[in-house]
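Here it is: the structure, laid out below.
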Amino acid sequence: MCGIIGCITRGKNVVPTLIEGLRRMEYRGYDSAGVAVLRGGALLSRKTIGKVEELSRVLDDDPIEGAIGIAHTRWATHGEPSTMNAHPHLDSTGKLAIVHNGIVENYRVLRRSLEEEGHVFTTETDTEVFAHLIEKYYTGDLGDAVRLALAEVHGAYGIAVIHADQPELLVAARNGSPLIVGIDKDAYYVASDAAALVRHTKDVVYLDDMEMVMATPEGFSTTTLENELVTKHVERITWDIGQIEKNGYPHFMLKEIHEQERTVMDAVRGRLLESSGDAFLGGLRDHRKTLTDAKRIIIIACGTSWHAGLVGEYMLEDLARVSTEVEYASEFRYRNPVIRRGDVAFVMSQSGETRDTLAAMGEAQRRGAVALGIVNVVGSSIARRSDGGVYTHAGLEIGVASTKAFTSQLMVLAAIALMVGRSRSISVIEGREIVRAMLAIPQQIHRIVEKNAEIERIASRYVESSNFLYLGRGYNFPVALEGALKLKEISYIHAEGYPAAEMKHGPIALIDEKMPVVFIATQDAYYEKILSNMEEVKARGGRVLAIATEGDTQVARMADDVIEIPKTLPHLTPILSVIPLQLLAYYIAVARGCHVDQPRNLAKSVTVE
Ligand code: G6P
């Protein structure tokens with residue numbers, strides 16, 4: 001959720017680097033921000049409520065400088081967003097500063113006992129206990145003090161710590177929250193996310209849980225929290241700075257929507273076999289037989305990834321004839337699920353760090369399931385702890401509302417369903433038809449995003465609505481859920497997604513002329529039925545906006561507004577039908593003056609429960 005960064009150099013001022021790094025991680029949290037540096041034996045800190053921009057203004061008015069520093073952008077968990085609760089947090093001596101991403105679960109107990117020992121707390125955060133606990137153990141060696149303090153902490157953390165008495169030492173540690181070390185010619189960094197570092201270096205080391213790093217201007221060492229040395233490999237980030245720029249688009253979300261014509265292909269590049277009508281997924285090579293023999297597939301995810309999972313369920317049952325279930329990670333991990341021999345879990349996550357999804361994966365593995373990741377962020381926790389899996393290669397997604405990661409997940413799921421299907425139920429001829437249809441998707445997406453201006457015009461007619469209903473059937477039911485989620489997330493309009501036939505079991509009571517109903521009414525097996533549902537809405541005075549197959553005159557006659565999409569195979573339709581809904585939500589949110597890339601209360605990577 002929060003973003004942390006630390007930097008140590010040989011004499012260069014780190015503040016601009018820290019602020020730039022925070023900007024790159026702002027999607028992780030943006031309710032308050034702060035920075036601390038060491039200079040001339042003193043610790044200097046600036047904090048503020050609001051976004052990183054605000055912190056930058058504070059620093060313009062009241063600058064600080066130092067060759068070592070830490071910084072933080074916050075998504076509040078304990079204690080309201082305020083300048084007081086913003087990180088860095090200091091100890092009682094004012095010499096030690098810490099930034100933290102995660103949650104200290106036993107902070108109440110720790111705080112009480114530290115208060116009994118005379119420590120005075122000044123914030124409402126769980127993080128402040130770290131500062132006082134490290135202070136308690138500090139006798140001149142910051143590394144030792146951090147190690148001793150962490151032995152008492154339960155919970156998730158990525159932390160970075162500095163101390164005025166050791167101005168040439170940056171200490172950082174992780175357990176359950178991501179942390180990477182960046183290596184430059186004349187500087188070392190720690191950060192929650194590679195995006196914060198890529199401008200300076202592409203050489204990184206991924207820390208694992210229960211590991212820490214100690215960096216000086218001359219080098220760094222990595223150890224376990226038990227102080228055993230660990231040798232880490234330096235890995236190279238494969239994407240570049242262009243991915244973290246808006247490249248002329250007003251928002252990252254719009255840029256990422258447009259990128260989809262390329263990213264869907266990146267998801268399956270080199271993975272589709274045209275002549276044999278099959279798919280080859282390197283990360284599943286050792287699991288093909290397990291998948292072919294699977295009795296049941298369980299897809300575990302949260303949020304938009306969960307919606308992709310629902311489409312995956314339909315695909316796997318339809319094409320591969322494997323019984324498939326989709327689980328909310330947060331429910332799965334706590335509800336004593338039944339796992340049988342032959343069950344395979346696909347764990348799907350854009351970030352690869354969502355805490356519930358990661359924990360659910362652990363639970364599935366503990367109960368004996370093979371856990372395979374479908375993950376976007378390379379080197380993320382789910383990718384590293386799964387038994388195998390597939391990267392979606394959508395590139396860095398910065399807009400908090402997920403768009404391109406979703407369509408890439410669908411492409412990968414389609415490739416998996418094809419691969420498993422070819423071993424079980426699909427013929428070469430059918431396989432080839434699927435591959436051909438998948439290869440045509442980028443061009444079809446291009447035709448949809450070209451309707452940008454038309455969708456913006458349509459969106460302008462719905463800006464004043466305060467409720468929306470999204471209806472779809474079959475493969476388009478999860479798209480209805482995803483369309484409604486996009487609108488909720490970024491425009492704050494209440495929207496519900498429903499299977500169209502369920503409308504008459506409740507939501508139909510809501511329909512009047514003020515309630516727009518978005519129908520995803522493409523020409524598939526449910527077409528006639530969804531037309532009937534549309535009639536039912538029209539008969540009650542509802543306004544209909546339909547996503548329809550190109551050239552469909554019936555839908556055009558019935559709906560108030562229509563956005564057409566090209567025809568593809570039924571199981572690939574969601575990859576196309578979701579795109580006008582992403583654009584619709586985007587333009588409605590922009591017209592309402594909402595902060596599209598950083599919607600209120602949300603965070604891109606949810607590393608707390
Ligand atoms: C957050 C994000 C959503 C995302 C969900 C799951 O809620 O705001 O956009 O779908 O987490 O994230 P994941 O990284 O696991 O796909």
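The values are calculated or read from the model by the stated rules, or taken from the named source; none is laboratory data. Keep in mind the model is a prediction, meaning the values are calculated, not measured. When we count neighbours, we look across all protein chains shown, and the Cβ atoms used for this are built from the backbone with ideal geometry, even at glycine. When the accessible area is computed, the model is the full protein with side chains, heavy atoms only, and any ligands, DNA or RNA have been set aside. Shrake-Rupley method; radii C 1.70, N 1.55, O 1.52, S 1.80 Å.
List the number of the failed condition for Ser221; all other conditions in (1) modelled with pLDDT of 95 or more; (2) in contact with a Lys or Arg (Cβ under 8 Å, 6 or more places away or on another chain); (3) outside any loop (DSSP other than H, G, I, E, B); (4) under 23 Å from Tyr137 (Cα atoms) hold.
Only one criterion is unmet by Ser221, namely (2).
Step by step: first the residues of region 27-49, then only those that are under 32 Å from the mean Cα position of the chain (by Cα) and open to solvent by 20 Å² or more (accessible area, probe 1.4 Å), then the one that is modelled with the lowest pLDDT. Which residue is that? First the steps, then the outcome.
Narrowing region 27-49 to residues under 32 Å from the mean Cα position of the chain (by Cα): 27-37, 45-49.
Right, trim to open to solvent by 20 Å² or more (accessible area, probe 1.4 Å) and you get 30-31, 45-47, 49.
On the way: Tyr30: 86, Asp31: 90, Ser45: 98, Arg46: 98, Lys47: 97, Ile49: 96.
Among residues in region 27-49 that are under 32 Å from the mean Cα position of the chain (by Cα) and open to solvent by 20 Å² or more (accessible area, probe 1.4 Å), the one modelled with the lowest pLDDT is Tyr30.
Pick from region 306-339 the residues that are hydroxyl-bearing (Ser, Thr, Tyr) and assigned to a helix (DSSP H, G or I): which of them is least open to solvent (accessible area, probe 1.4 Å)? So that I can check it myself, show each step before the final result.
Taking region 306-339 first, the residues hydroxyl-bearing (Ser, Thr, Tyr) are 314, 323-324, 328, 330, 334.
Okay, now just the ones that are also assigned to a helix (DSSP H, G or I), so 314, 330.
Details: Tyr314: 71, Ser330: 45 Å².
Filtering region 306-339 for residues that are hydroxyl-bearing (Ser, Thr, Tyr) and assigned to a helix (DSSP H, G or I), the one least open to solvent (accessible area, probe 1.4 Å) comes out as Ser330.
Output the residue which, of all residues in region 265-305 that are open to solvent by less than 30 Å² (accessible area, probe 1.4 Å) and small (Gly, Ala, Ser), is nearest to the ligand (Cβ to nearest atom).
Ser305
Okay, moving on. List pairs: first in region 475-488 and free of Cβ contacts under 8 Å to residues at least 40 places away in the same chain, second open to solvent by less than 10 Å² (accessible area, probe 1.4 Å), Cβ under 6 Å, 6+ apart or cross-chain?
Between residues of region 475-488 that are free of Cβ contacts under 8 Å to residues at least 40 places away in the same chain and residues that are open to solvent by less than 10 Å² (accessible area, probe 1.4 Å), the close pairs are Ala484/Tyr470; Ala484/Ala495; Lys488/Ala495.
Take Asp597 and tell me if it is of a type in the set (Asp, Glu) and in contact with a helix residue (DSSP H, G or I) (Cβ under 6 Å, 6 or more places away or on another chain).
Yes, satisfied.
Name every residue in region 472-530 that is touching a His at 6+ places or on another chain (Cβ under 9 Å), open to solvent by 10 Å² or more (accessible area, probe 1.4 Å) and aliphatic (A, V, I, L, M), in order of residue number.
Leu481, Leu485
Can you list the helices (runs of 4 or more DSSP H) lying wholly within region 85-186 that have 3 or more residues being modelled with pLDDT of 95 or more and crowded, with 24+ Cβ neighbours inside 10 Å?
On the way: elements: 107-116, 128-137, 142-150.
In region 85-186, 128-137 are the helices (runs of 4 or more DSSP H) which contain 3 or more residues that are modelled with pLDDT of 95 or more and crowded, with 24+ Cβ neighbours inside 10 Å.
Also: Checking the conditions here, which among Glu536, Glu502, Glu456 is away from the ligand (no atom under 16 Å from the Cβ) and without any contact (Cβ under 8 Å) to a residue 24 or more places away in the chain? I'd like the intermediate steps shown before the answer.
Details: Glu536 fails: without any contact (Cβ under 8 Å) to a residue 24 or more places away in the chain; Glu456 fails: without any contact (Cβ under 8 Å) to a residue 24 or more places away in the chain.
Selected residue: Glu502, the only one of Glu536, Glu502, Glu456 that is away from the ligand (no atom under 16 Å from the Cβ) and without any contact (Cβ under 8 Å) to a residue 24 or more places away in the chain.
Another question about this same structure. Please enumerate the residues belonging to region 381-415 that are crowded, with 24+ Cβ neighbours inside 10 Å, more than 11 Å from the ligand (Cβ to nearest atom) and not small (Gly, Ala, Ser).
Selection gives Val390, Lys404, Thr407, Leu410, Met411, Val412, Leu413.
Any chance you could count how many residues in region 577-599 are over 21 Å from Leu396 (Cα atoms) and either within 12 Å of the ligand (Cβ to nearest atom) or in contact with a Pro (Cβ under 9 Å, 6 or more places away or on another chain) (or both)?
Number satisfying all stated conditions: 2.
In region 340-354, what residues are open to solvent by 30 Å² or more (accessible area, probe 1.4 Å) and near the ligand (Cβ under 9 Å from one of its atoms)?
Initially, region 340-354 is screened for residues open to solvent by 30 Å² or more (accessible area, probe 1.4 Å), giving 340-342.
Listed by number, the list is empty, since nothing qualifies.
Got at least one residue in region 542-550 being modelled with pLDDT under 95, of a type outside the set (S, T, N, Q) and either crowded, with 23+ Cβ neighbours inside 10 Å or more than 30 Å from Tyr334 (Cα to Cα) (or both)? Lay out the reasoning, then the answer.
From region 542-550, those modelled with pLDDT under 95 are 542-543; that's our starting set.
Imposing the further condition that a residue be of a type outside the set (S, T, N, Q) reduces the set to 542-543.
Next, from what is left, pick out any that are either crowded, with 23+ Cβ neighbours inside 10 Å or more than 30 Å from Tyr334 (Cα to Cα) (or both): 542-543.
Scanning region 542-550, I find at least one residue that is modelled with pLDDT under 95, of a type outside the set (S, T, N, Q) and either crowded, with 23+ Cβ neighbours inside 10 Å or more than 30 Å from Tyr334 (Cα to Cα) (or both), so the answer is yes.
Further question on the same structure: What's the number of the condition Tyr334 fails, among (1) without any contact (Cβ under 8 Å) to a residue 24 or more places away in the chain; (2) within 14 Å of the ligand (Cβ to nearest atom)?
For Tyr334, the failing item is (2).
Taking the criterion of being part of a helix (DSSP H, G or I) and within 24 Å of Glu430 (Cβ to Cβ), would at least one residue in region 293-304 satisfy it?
Pass one, region 293-304, residues part of a helix (DSSP H, G or I): 293, 303-304.
After this cut, where a residue has to be within 24 Å of Glu430 (Cβ to Cβ) as well, the list is 293.
Scanning region 293-304, I find at least one residue that is part of a helix (DSSP H, G or I) and within 24 Å of Glu430 (Cβ to Cβ), so the answer is yes.
Would a scan of region 364-374 turn up a residue that is among the basic types (Lys, Arg), over 29 Å from Gln444 (Cβ atoms) and outside any loop (DSSP other than H, G, I, E, B)?
Taking every residue of region 364-374 in turn, at least one turns out to be among the basic types (Lys, Arg), over 29 Å from Gln444 (Cβ atoms) and outside any loop (DSSP other than H, G, I, E, B).
Right, Pro574: at pLDDT 95 or above, under 25 Å from the mean Cα position of the chain (by Cα), within 16 Å of the ligand (Cβ to nearest atom) and under 17 Å from Asn476 (Cβ atoms) or not?
Working: at pLDDT 95 or above: yes; under 25 Å from the mean Cα position of the chain (by Cα): yes; within 16 Å of the ligand (Cβ to nearest atom): yes; under 17 Å from Asn476 (Cβ atoms): yes.
Judged against the criteria, Pro574 is a match.
Could you tell me whether any residue of region 22-45 is free of Cβ contacts under 8 Å to residues at least 60 places away in the same chain, in contact with a Ser or Thr (Cβ under 8 Å, 6 or more places away or on another chain) and closer than 20 Å to Phe252 by Cα?
No; the residues of region 22-45 include none that is free of Cβ contacts under 8 Å to residues at least 60 places away in the same chain, in contact with a Ser or Thr (Cβ under 8 Å, 6 or more places away or on another chain) and closer than 20 Å to Phe252 by Cα.
Another question, if that's okay. Right, Ser466: surrounded by fewer than 21 Cβ atoms within 10 Å (Cβ to Cβ) and among the small types (Gly, Ala, Ser) or not? Talk me through it step by step, then tell me what you get.
Values: surrounded by fewer than 21 Cβ atoms within 10 Å (Cβ to Cβ): yes; among the small types (Gly, Ala, Ser): yes.
Yes: the conditions hold for Ser466.
Looking at region 356-380, which of its residues are buried (at least 22 other Cβ atoms within 10 Å of the Cβ) and either among the acidic types (Asp, Glu) or more than 14 Å from the ligand (Cβ to nearest atom) (or both)? Explain how you work it out, then say what you get.
Let us first name the residues in region 356-380 that are buried (at least 22 other Cβ atoms within 10 Å of the Cβ), namely 356-358, 360-361, 364, 369, 371-377, 380.
Across region 356-380, the qualifying residues are Asp356, Ala364, Ala369, Ala371, Leu372.
Inside region 310-331, can you point out the residues that are under 25 Å from Glu430 (Cβ atoms), within 16 Å of the ligand (Cβ to nearest atom) and in contact (Cβ under 8 Å) with a residue 40 or more places away in the chain?
Matches in region 310-331: Leu310, Val311, Gly312.
Restricting to region 516-541, count the residues that are modelled with pLDDT under 90 and within 19 Å of Ile455 (Cα to Cα).
0
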